[in-house]
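The values are calculated or read from the model by the stated rules, or taken from the named source; none is laboratory data. Computed from a predicted structure; not experimentally measured. Using ideal geometry, Cβ is built from the backbone for each residue, glycine included, and neighbour counts are taken over all protein chains shown. These area figures cover heavy atoms from the full protein model, side chains too; ligands, DNA and RNA do not enter into them. Shrake-Rupley method; radii C 1.70, N 1.55, O 1.52, S 1.80 Å.
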Amino acid sequence: MIKYLLRRLAASIVVLIGVSVLIFLIARVIPGDPARIALGPMASEEQVAQLRAALFLDRPLIAQYVEFARNLLRGDLGVSLYTNRTVTTDLRQFLPATAELVAAASLLMVVIGIPLGVLAGHFRDRWPDHAARLAALLGIVAPSFVWAIILVLVFSYWLDLTPVIGRLSDSIVRPPVTTGFVTVDSLIAGDWAAFKDASWHLVLPAVALSLSGAGQAARLTRANLGETYGRDYIDLARAYGFAGRTIAWKYALRPAMIPTLTILGLDFAAKLGNAFLVEAVFAWPGMARYGVNAILNKDLNAIVGTVLVIGFGFVVINLVIDLFVAYLDPRIRYRAAV
Amino acid sequence: MLWPRSRLWHRFSRNPLSVVGFAIMSVIVLAALLAPWVTPYPLHAGAVVDISNSGKPPSLAHPFGTDTVGRDILTRTVFAYRLSLLLGIVVLSLATPVGVIVGLLAGYFAGWRETVFMRITDVFLSIPPLVLALAILGFLRPNMINAMIAVSAMWWPWYARLTYNVTRQVATEGYVAAAEVVGASAFHILFREILPNCAAPIVTKMTLDLGFVILLGSSLSFLGLGVQPPTPDLGSMVAEGARYLPDLWWLAVFPGLAILCAVLGFNLMGDGVRDLLDVER
């Protein structure tokens with residue numbers, strides 16, 4: 001296990017360095033002159049030269065990267081040209097809202113996707129299977145912002161069940177910040193009214209964000225169940241006369257879960273990206289508005305910071321999930337150790 | 001060719017959903033190609049203003065309703081499909097060759113080329129596609145061409161991965177060894193011996209991806225980073241319409257469903273192509 005852990009850790013570090021190089025290259029090579037773009041066409045040559053020096057743009061590319069990486073290791077992402085605050089401060093403000101949304105969506109993806117897949121796998125080629133597969137497909141083929149709009153139209157406007165925008169109603173006092181997740185913070189503070197309000201605000205964006213992953217999880221669970229149902233030990237369990245439900249949940253599902261967990265990690269990337277779209281619909285105060293504003297304003301450091309945080313988050317989450325999978329499935333860690 | 005009554009069509013149509021996908025795709029492609037002739041108000045694709053008809057709900061004259069300046073949404077949706085399809089075709093014809101060549105080289109030549117190419121691929125794959133496209137667009141002017149470049153830049157790694165996996169399997173086959181023994185060039189081995197074996201999974205993936213490229217393109221323009229008005233585009237129509245929820249709900253809902261239909265059509269079609277070419281999942 002230790003050997004597997006170290007090997008996986010080393011691979012992740014290589015990818016992390018690669019991510020930082022890639023983002024650095026995108027930011028420095030594509031724009032031509034980032035200083036000119038940041039300051040706009042009205043700025044004088046002198047101002048541009050000053051900013052170039054301040055951003056180390058007048059040095060060779062390698063030296064620029066070394067400087068960039070050194071600052072990165074110190075947690076210094078530079079100052080946002082738009083908000084005039086350090087990018088780290090900005091991200092610390094906006095990241096928790098996005099993280100809460102993505103975490104809730106990941107949870108829902110498991111809660112919706114896996115039972116749907118089990119249903120389909122259990123009733124293979126009968127009508128519950130067809131219905132579940134159609135539902136999974138619809139989740140996958142519609143962009144999350146389309147789901148967000150349909151959900152908000154039906155549940156918020158027509159049925160008047162859920163709030164339309166934001167994380168918390170104006171009438172509710174925000175509980176003291178401990179984790180940055182409003183739902184968790186209100187639980188810690190023991191504030192039930194705030195918890196209920198925050199949860200109602202969270203549910204629609206989280207569902208909209210979870211549907212495509214839930215569809216994939218359902219498809220994968222169904223496919224893997226089909227495979228495990230063909231195994232001898234399932235026939236043996238049937239021969240012993242175990243109930244169909246026991247076989248489905250206890251014997252067939254466990255091995256079928258492992259690829260689904262891996263998909264959960266890989267889909268995390270899609271969720272972080274799609275969070276931009278869902279946040280736009282629900283005016284969710286997360287990274288989306290910050291990121292999109294940064295892009296529209298050519299705010300170099302802010303763009304780099306946002307993409308870096310997302311890339312790093314993705315690599316770390318996948319590392320954690322891979323280790324968890326290796327813990328669940330001894331075959332993986334033994335194969336890696338030899 | 002897929003043609004009713006042919007043997008291929010017979011295999012393809014064993015799954016009724018593939019036929020549904022084929023039908024959806026045919027309708028969308030034909031409508032988009034013939035847009036100026038089949039849409040009720042072809043002029044509404046541009047910057048037309050007809051205030052007396054603004055914000056009309058769906059009716060016989062305007063099945064999808066009209067927008068805030070009185071333009072027919074059905075017409076604009078069909079015209080928007082033209083751009084979506086163009087985006088899909090351009091992106092795949094840029095991204096596929098790059099990905100395939102990287103995958104072939106990495107899969108066939110072991111050693112440093114494999115390590116370098118596949119690590120670079122991993123790096124690209126570890127940034128969310130939409131975020132990578134946004135980062136690239138962040139430094140370019142937001143328009144159609146740049147959106148195509150940004151999407152292509154994030155799409156090739158998937159083809160590199162796929163081709164790499166197939167190449168690694170195929171490279172150990174006897175006929176590749178035979179070609180090596182008779183002194184065939186690396187070029188011949190890569191493109192004549194190995195590539196044909198990659199064709200089926202690549203074609204399958206391209207059919208499936210056409211829908212997903214359209215989805216990603218519409219996501220970019222939904223955020224205001226793709227096609228700029230007044231050119232009709234599904235993503236920006238949804239974004240524009242979302243501002244008038246709930247009263248003018250048809251503004252956002254119909255273009256949104258149009259995206260869903262296109263992706264659904266290519267997805268079902270792709271599953272059919274997969275069955276047809278006998279590609280493993």
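Has the stretch B:120-135 got at least one residue that is open to solvent by less than 10 Å² (accessible area, probe 1.4 Å), farther than 22 Å from B:L34 by Cα, modelled with pLDDT of 85 or more and of a type outside the set (A, V, I, L, M, F, W, C)?
Yes - at least one qualifying residue is present in the stretch B:120-135.
Identify all residues within the stretch B:131-149 that are in contact (Cβ under 8 Å) with a residue 60 or more places away in the chain, within 10 Å of another protein chain (Cβ to nearest Cβ) and not in a loop (DSSP other than H, G, I, E, B); write none if there are none.
B:A133, B:L134, B:L137
What is the one condition in (1) at pLDDT 85 or above; (2) open to solvent by 40 Å² or more (accessible area, probe 1.4 Å); (3) not hydroxyl-bearing (S, T, Y) that B:E180 does not satisfy?
(1)
Go through the stretch B:233-281 and give me each residue that's among the aliphatic types (A, V, I, L, M) and outside any helix (DSSP H, G or I).
Residues satisfying the conditions are B:L245, B:L248, B:V279.
For the stretch A:225-272, how many residues meet the condition of being among the hydrophobic types (A, V, I, L, M, F, W, C), over 30 Å from B:A133 (Cα atoms) and open to solvent by 40 Å² or more (accessible area, probe 1.4 Å)?
So the count comes out to 6.
If I ask for residues that are part of a helix (DSSP H, G or I) and either among the charged types (D, E, K, R) or in contact with a helix residue (DSSP H, G or I) (Cβ under 8 Å, 6 or more places away or on another chain) (or both), which ones from the stretch B:8-22 would you list? Give the derivation first.
Step one: list which residues in the stretch B:8-22 are part of a helix (DSSP H, G or I), which gives B:8-12, B:16-22.
Matches in the stretch B:8-22: B:L8, B:R11, B:F12, B:L17, B:S18, B:V19, B:V20, B:G21, B:F22.
Please tell me if A:A131 is within 14 Å of chain B (Cβ to nearest Cβ) and open to solvent by 20 Å² or more (accessible area, probe 1.4 Å).
yes
Give B:P157, B:P201 a once-over and let me know the one that is without any contact (Cβ under 8 Å) to a residue 60 or more places away in the chain, out of contact with any His (no Cβ under 9 Å at 6 or more places or on another chain) and under 20 Å from B:S93 (Cβ atoms).
B:P157
Could you list, in sequence order, the residues of the stretch A:293-321 that are small (G, A, S) and at the interface with chain B (Cβ under 8 Å from one of its Cβ atoms)?
A:A294, A:G311
Are any of the residues in the stretch B:146-160 at pLDDT 85 or above and open to solvent by 50 Å² or more (accessible area, probe 1.4 Å)?
Yes.
If the requirement is being crowded, with 18+ Cβ neighbours inside 10 Å, without any contact (Cβ under 8 Å) to a residue 24 or more places away in the chain and within 14 Å of chain A (Cβ to nearest Cβ), which of these qualifies: B:F212, B:F222?
Result of the check over B:F212, B:F222: B:F222.
Among B:L195, B:L190, which is the only one that is assigned to a helix (DSSP H, G or I) and modelled with pLDDT of 85 or more?
Going through B:L195, B:L190 in turn, just one is assigned to a helix (DSSP H, G or I) and modelled with pLDDT of 85 or more: B:L195.
Identify, from the list B:V49, B:V102, B:V91, the residue that is under 20 Å from the mean Cα position of the chain (by Cα) and among the β-branched types (V, I, T).
When all the criteria are applied, what remains is B:V91.
One line per residue, one yes/no per condition, for (1) part of a helix (DSSP H, G or I); (2) surrounded by fewer than 19 Cβ atoms within 10 Å (Cβ to Cβ); (3) modelled with pLDDT of 85 or more:
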| site | (1), (2), (3) |
| --- | --- |
| A:A27 | yes, no, no |
| A:A53 | yes, yes, no |
| A:F56 | no, yes, no |
| A:Y82 | no, yes, no |
| A:M109 | yes, no, yes |
| A:I112 | yes, no, yes |
| A:L116 | yes, no, yes |
| A:A120 | yes, no, yes |
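Does A:G139 qualify as being farther than 27 Å from B:L130 by Cα, touching a Phe, Trp or Tyr at 6+ places or on another chain (Cβ under 9 Å) and in contact (Cβ under 8 Å) with a residue 40 or more places away in the chain?
The answer is no for A:G139.
Can you find, within the stretch A:144-193, the residue that is farthest from the other protein chains (Cβ to nearest Cβ) among those that are on the phi > 0 side of the Ramachandran plot and either modelled with pLDDT of 80 or more or open to solvent by less than 80 Å² (accessible area, probe 1.4 Å) (or both)?
Here the residue is A:G190.
For the stretch B:249-276, name all the residues that are in contact (Cβ under 8 Å) with a residue 24 or more places away in the chain, within 11 Å of chain A (Cβ to nearest Cβ) and open to solvent by 20 Å² or more (accessible area, probe 1.4 Å).
B:F254, B:C261, B:L264, B:D271
Could you list all residues from the stretch A:5-30 that are more than 22 Å from the chain's Cα centre (by Cα) and charged (D, E, K, R)?
Of everything in the stretch A:5-30, those that are more than 22 Å from the chain's Cα centre (by Cα) and charged (D, E, K, R) turn out to be A:R7, A:R28.
I'm told A:A198 meets every condition in (1) at pLDDT below 85; (2) surrounded by fewer than 24 Cβ atoms within 10 Å (Cβ to Cβ); (3) in contact with a helix residue (DSSP H, G or I) (Cβ under 7 Å, 6 or more places away or on another chain) except one. Can you identify the failing condition by its number?
Every condition holds for A:A198 apart from (2).
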